[in-house]
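Enquirer: Mind looking over this structure? Questions follow.
The values are calculated or read from the model by the stated rules, or taken from the named source; none is laboratory data. Everything numeric here is computed off the predicted structure, so don't read it as measured data. Backbone-built Cβ (ideal geometry, glycine too); neighbour counts: all protein chains shown.
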Amino acid sequence: MKLACIDIGLKRIGMAISLQSGIVTPIPAVLRKNRNQASNDVLKVLNEWEIEKLVVGFPSASEDMQKRITNFINLLDFDKEIIFQEENMSSIEAEDLIKGEIKYKRDGRIDSLAAKIILERYLNEK
């Protein structure tokens, strides 16, 4: 089954995919200009890779962010299965993994690495 994961932030949406046997690859993040543009860009990637299930990083600690994520998911015209996965500390874990390698944190690589971590967690729990 082809899986994708998104880590939704206010400025960037990290993305990762798993096309076969649990191998997860981060792909370029979507930079948000507005919600409609971001949801269209995410949907385009999901369709391009023929994704069958979407895993969405979901923070247990922030109700405000939970509402924002739910609203964003409702904008997506994705008719396949959507799973919410706890994302606790995934961004911090991603930053630790690449400490010293990336000088510019605003290009989305950390966000996509966080999406990779979230998707790996999902696959490990299955």
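Enquirer: Please work out which one of (1) surrounded by fewer than 17 Cβ atoms within 10 Å (Cβ to Cβ); (2) part of a loop (DSSP other than H, G, I, E, B); (3) among the β-branched types (Val, Ile, Thr) is the condition residue 82 fails and give its number.
Expert: If we test residue 82 against (1) surrounded by fewer than 17 Cβ atoms within 10 Å (Cβ to Cβ); (2) part of a loop (DSSP other than H, G, I, E, B); (3) among the β-branched types (Val, Ile, Thr), just (2) comes out false.
Enquirer: Another question, then. Of a type outside the set (A, V, I, L, M), more than 20 Å from residue 18 (Cα to Cα) and modelled with pLDDT of 75 or more: is that true of residue 124 in this structure?
Expert: no
Enquirer: To continue, here is another question. Just one of the numbered conditions (1) more than 17 Å from residue 81 (Cα to Cα); (2) assigned to a strand (DSSP E or B) is not true of residue 60; which one?
Expert: For residue 60, the exception is condition (2).
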